Amino acid sequence: MTEFSLSQLEKTIHERAHSGDPDSWTAKLYARGMGKAAQKLGEEAVEAVIAAVSGDRQALVSESADLLYHWLVVLGIAGVPLDAVLEELEQRTGRSGIAEKASRPSSG
């Protein structure tokens, strides 16, 4: 198994976003803002779903990598550290998903 982590990817994204490198996709995506980054996140999510439903394992791996990258870009632009998401997941661990969802305030 690889030693690579989402925390390392988050750090790399942050560095590239603020590098000023005109050839950096990450810097360009940050410059284009949340709307474009969120759009790319959505596109990658759809592509991952299509790969999963079609049973294309390699495409699912590839699209999942794209999805995680774009998700971290969106978090970065929003100023939400990965640790905040991990802490939320940790708080949910040990609770049933049904009970956790029922404890959320109603949105409708």
Given the criterion surrounded by 13 or more Cβ atoms within 10 Å (Cβ to Cβ) and either in contact with a Gly (Cβ under 8 Å, 6 or more places away or on another chain) or free of Cβ contacts under 8 Å to residues at least 40 places away in the same chain (or both), identify the matching residue among Val80, Val74, Val85.
Val85
Selection within the stretch 37-63 - within 24 Å of Lys101 (Cβ to Cβ) and not hydrophobic (A, V, I, L, M, F, W, C):
Gly42
Against the definition (surrounded by fewer than 15 Cβ atoms within 10 Å (Cβ to Cβ) and modelled with pLDDT of 95 or more), how does Ala65 come out, yes or no?
yes
Of these, Ala52, Ala37, Ala17, which one is out of contact with any Lys or Arg (no Cβ under 6 Å at 6 or more places or on another chain) and without any contact (Cβ under 8 Å) to a residue 40 or more places away in the chain?
Ala52
Cβ-Cβ distance below 8 Å, separation of 6 or more or different chains: which pairs start in the stretch 1-12 with a residue that is over 12 Å from Tyr69 (Cβ atoms) and end on one that is among the β-branched types (Val, Ile, Thr) and surrounded by fewer than 10 Cβ atoms within 10 Å (Cβ to Cβ)?
none
Of the conditions (1) under 15 Å from the mean Cα position of the chain (by Cα); (2) at negative phi; (3) not charged (D, E, K, R), the single one that Gly79 does not satisfy is (2)
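Every residue, every condition in (1) in contact with a Gly (Cβ under 8 Å, 6 or more places away or on another chain); (2) aliphatic (A, V, I, L, M); (3) surrounded by 13 or more Cβ atoms within 10 Å (Cβ to Cβ), yes or no:
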residue	(1), (2), (3)
Thr2	no, no, no
Leu6	no, yes, yes
Glu10	yes, no, yes
His14	yes, no, yes
Gly20	no, no, no
Trp25	no, no, no
Lys28	no, no, yes
Ala31	no, yes, no
Leu41	no, yes, yes
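The values are calculated or read from the model by the stated rules, or taken from the named source; none is laboratory data. Keep in mind the model is a prediction, meaning the values are calculated, not measured. Glycine gets a Cβ as well: all are built from the backbone with ideal geometry, and neighbour counts include every protein chain shown.
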